[in-house]
Each structure stands twice: as C-alpha cells, then as structure tokens.
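**Student:** Let me give you the structure first, and then I'll get to my questions.
The values are calculated or read from the model by the stated rules, or taken from the named source; none is laboratory data. These figures come from a predicted structure and were not determined experimentally. Here the Cβ positions follow ideal geometry from the backbone for every residue, glycine too, while neighbour counts run over all protein chains shown. To get the accessible areas, we keep the full protein, side chains included, count just its heavy atoms, and leave off ligands, DNA and RNA. Shrake-Rupley method; radii C 1.70, N 1.55, O 1.52, S 1.80 Å.
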Amino acid sequence: PSPYEPQKAYLYLIDGRGQQFTDLCGLTDQLAAPDLSVSSTNYTVTRLMPDGERVEAVPPILETNNKPSYWIPRAGFLDLLLKGAPPNVKTVFGAQLVDITKTDDGAVEVVADCADGKQMTLRPSLLVGADGLNSLVRAKCATWSEKPADFTPVLLPSPSSGLRYQMLRLPPAFPLDASDASVKAEPRRAYSFRPSKTAPLGPTRLGLLPVADPNFPRTANVILPPEHKVWGLSSAAAVSDWLRQTFPASPIDEIVSEDEAAAFATATPGAFTAPCYSPKQHLLLPKAAICLVGDAIHAFPPDIGQGVNAALADVMHLHRALQATPDGDGATDDAREMLGRALPAYSETSGPEAEAVARIAQIGFPYQYPITREANPLQRIGWVANFFLRTFVLAKLAPKLFSPAAIVLVQRSHLSYQQVWRMAGETTRRLQGIAAVGLIAAAWPWLRRLALA
C-alpha cells in the first residue's frame, strides 16, 4: 500500500466522471465521507497577501454545479480503491516490472521481481496497461504492431508544458500571521501565498488545496519554468531566505522546517508533460489481448484537473465494452473471441475521448501559473480576454450560439470530452466568422473606392 510520499502527495478532484466509477464499485458514499474528502461545494481560496491581508475569493473559472466533486489525497484514494477491491482480486505490493515478452505462439508473458526476492511470471489473456506516461506496455505494443506510429504519442504544444514542480510539506495547521500566532490555517480550506513585488527571484506562489484529515500534512506546490533560479538553490538556508523575502508577511520559519527546506534544496523537481495522446488504445495478438488506459493513452499538465477523472472514464469505457460483448460459455476460444470484439469497441470510444481531453488541456487553463513559457507576452493577455469574452459576455447574451471557455465546459461532467471540444470549436468558428465580417465591413469603403477607380 502506498505510504505518504511528499512528492506524490497530490490531491485528486473526483468529479462526476470519476464518480461513475465509484458508483459502479459502491465507493461513492465512502468517497464523500467528510473525514476522507472535502466537497467542492462553496469552494473558495484564501489569498495570503504580502502585506498580511487575507482575501477570500472564488476562482473565476469555477462553475456552480449541482453534483459536488471531492478533493481527496492520492494516498487516501488508493486506499479506498484497495478496500473496494473484490476478494477474488489479488494485489501484489513491492513488485517491480522487469519485462513483457511475446511468445512464439502469440501469447504475452509478464515478468516481475517481487519483494521477497523471487520472480513472478504471468501469462494473461488480457493485459491492461495502466503504467503511465512512459508506459512499457504501450512501448511493447509499438514494437509488436505493424504500425508502430499507432502507439507513438502525439505531442501538442502548451504554455505550461515543461514547467517544473516541487512540493513543500507544511504543518496541518500552520500559522498564517507573523504578528498573531493564534491565526492558523484550516485544513478544509484552500490557500494561495502571494509574493511581494520585491521578491528576489521574481513572482512565485505557493498553492495549497483542501484536505479532510486535520492531521494530514499540507503540501504547497511550487511551479516554475525549468530555467528559474529557484531550482538552483542548494541549501536549506538559501531556500528559507528565498521564502522569507518572497512572502514577508508569513512566519516562514514556523511554516517550513529546516529539514523540509533542505529536502526542497536537494530533491529533483518533476516536470509537466506536453498534452499528448496515443492514436491507438489496444492490440490483439493470436493468444493475448492488450489495452491501455489512463496516462498510457492521454497525459497532460494538471491545468484542467482531469487526470484522474479521464483515467477512471477509460475504465468505464472498458467496462461497458466488456459488458456489451457476450462471453459465450466460458471456453478459452470464446474469451478470445469476446476480447476480439470488445477491445475494438473500447477503442472506438476511448480513442476520440483521449484526443479530445489532450486538446482541451492544450488550451484549457495553461496561464494559471505566475510564470509560464509563452513565446509572446500577448498570449497570456489574449487567453484571459478570450476567456472572459466567451464565459461572461457571449455565453450570457446568446447561450444557444456561444459556449463558455473550455475550462468551464469541462466542469460539466455530463458532457463527454468530445462534446466539450466540439462546443469550444463551434464558438471559435463563430467568433472567427464575426471577426471576418467585421474586417470586411471596416474595409468596405476602401474596397468600394478601389472597385470604382
């Protein structure tokens, strides 16, 4: 079982898409338990300003939704899944995947080193590759496929691609005010440390999402470009000094311990991948079937909060494809025939969804970080103007013609990712049409004089 890992202490927001899976498994009531998760209802962020002021705000991208989503730590969600596993499912911990091979008769063998020093060899009729962005299962599919490009991820550019991230672990109820030690952070609230204008290394924020457990360590995200000088801080003293000067109103020495500052200085930061998707999601061999789910077929920065939900949606697509395919009388040939029909059906649904969610992530909310890597400084201004025009002007005035920005649409969990992407594209084309008409109207007097000359 996964222990608490500071650099993997993500918080998942399980929305209506993910809850289709927890509904199926009978886990939604446990997920929604107040001692395990925090509901998104009435969600606000307390901004800790550099002058000591605390400002409570509702992020403008949030849309009121009748169905609440739930913030839950990664470790807590993994524990929930483990407890919900049926008794006939064997879970092996401490195993390391060694290799996946294709046998001469067209079967697949999976070899893993176990914690007890022994090797385990499996020969599955169905292998599900849920092994992440750098999926070995997907790489093997590319090797065995007649078209390796079918399993080569398609990369999409995004301003947040390549940003580095690292976690700072804070006490559960850390002090908020340097002048009043009684003012403490509340676990079930989100916080954002805002930097001083004279911050020595430029603007940086510390973002904290809400947690249900009052004893669970809080994790603050530091997200900056790879060339940023913060990643060059090599000692606890340098990290602490940077934090003190950047957030002068906060009692940094009480919030970030010396050990934690030292861990930050010596750890290797992670990096946001580019949005990407695999063109194909399954491979059929003579005596084995392989399919991919989760980050193995779609990966992207955490801009739109859909990583875990997209993965759980894949599981639901696979479940429905298997359920819709008769399995005969249980004979091996029947099972192989069933998988031969079910996995293409799975890919027909999961493939377009994988591409759509990657494209949504490409433009969804890439400028939420203080510093991104846009090629042109006008890009950020243009994105913000486009977001407000779509969401607060056009979608209000003519909702049948214009949709809100994609980051708002994706929060409507009854919509598929393909529907979100199509609606966003339709609004884009209508805006382009309006712009073209406007240009022609503006140029008409000049064009008319030119025609009469």
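**Student:** Filter the range 196-232 down to the residues that are in contact (Cβ under 8 Å) with a residue 12 or more places away in the chain, in a loop (DSSP other than H, G, I, E, B), open to solvent by 30 Å² or more (accessible area, probe 1.4 Å) and of a type outside the set (Ser, Thr, Tyr) and list them by number.
**Tutor:** 197, 200, 201, 203, 205, 209, 213, 214, 215, 216, 217, 226
**Student:** Here is a further query. Return the only residue of 12, 43 being among the aromatic types (Phe, Trp, Tyr), surrounded by 12 or more Cβ atoms within 10 Å (Cβ to Cβ), under 21 Å from the mean Cα position of the chain (by Cα) and assigned to a strand (DSSP E or B).
**Tutor:** 12 is the lone residue from the list that is among the aromatic types (Phe, Trp, Tyr), surrounded by 12 or more Cβ atoms within 10 Å (Cβ to Cβ), under 21 Å from the mean Cα position of the chain (by Cα) and assigned to a strand (DSSP E or B).
**Student:** I want to confirm something. Restricting to the range 286-306 and keeping residues that are among the aliphatic types (A, V, I, L, M) and closer than 13 Å to residue 344 by Cα, which single residue is surrounded by the most Cβ atoms within 10 Å (Cβ to Cβ)?
**Tutor:** 292
**Student:** Within the set of pairs 6 or more residues apart or between chains, which connect a residue that is open to solvent by 20 Å² or more (accessible area, probe 1.4 Å) and outside any helix (DSSP H, G or I) inside the range 129-145 to a residue that is modelled with pLDDT of 95 or more and among the β-branched types (Val, Ile, Thr) with Cβ atoms less than 9 Å apart?
**Tutor:** 130/137; 130/293; 130/315; 131/137
**Student:** For the range 149-195, how many residues are of a type in the set (S, T, N, Q), over 25 Å from the mean Cα position of the chain (by Cα) and in a loop (DSSP other than H, G, I, E, B)?
**Tutor:** 1
**Student:** Please state which one of 359, 336 is of a type in the set (Lys, Arg), open to solvent by 40 Å² or more (accessible area, probe 1.4 Å), assigned to a helix (DSSP H, G or I) and at pLDDT 95 or above.
**Tutor:** Within the list 359, 336, the selection yields 359.
**Student:** Oh, and also: Give me a count of the residues in the range 250-272 that are assigned to a loop (DSSP other than H, G, I, E, B) and surrounded by fewer than 19 Cβ atoms within 10 Å (Cβ to Cβ).
**Tutor:** Selection size over the range 250-272: 5.
**Student:** Regarding residue 86, is this residue outside any helix (DSSP H, G or I), open to solvent by 40 Å² or more (accessible area, probe 1.4 Å) and out of contact with any Phe, Trp or Tyr (no Cβ under 7 Å at 6 or more places or on another chain)?
**Tutor:** On the way: outside any helix (DSSP H, G or I): yes; open to solvent by 40 Å² or more (accessible area, probe 1.4 Å): yes; out of contact with any Phe, Trp or Tyr (no Cβ under 7 Å at 6 or more places or on another chain): yes.
Answer is yes for this residue.
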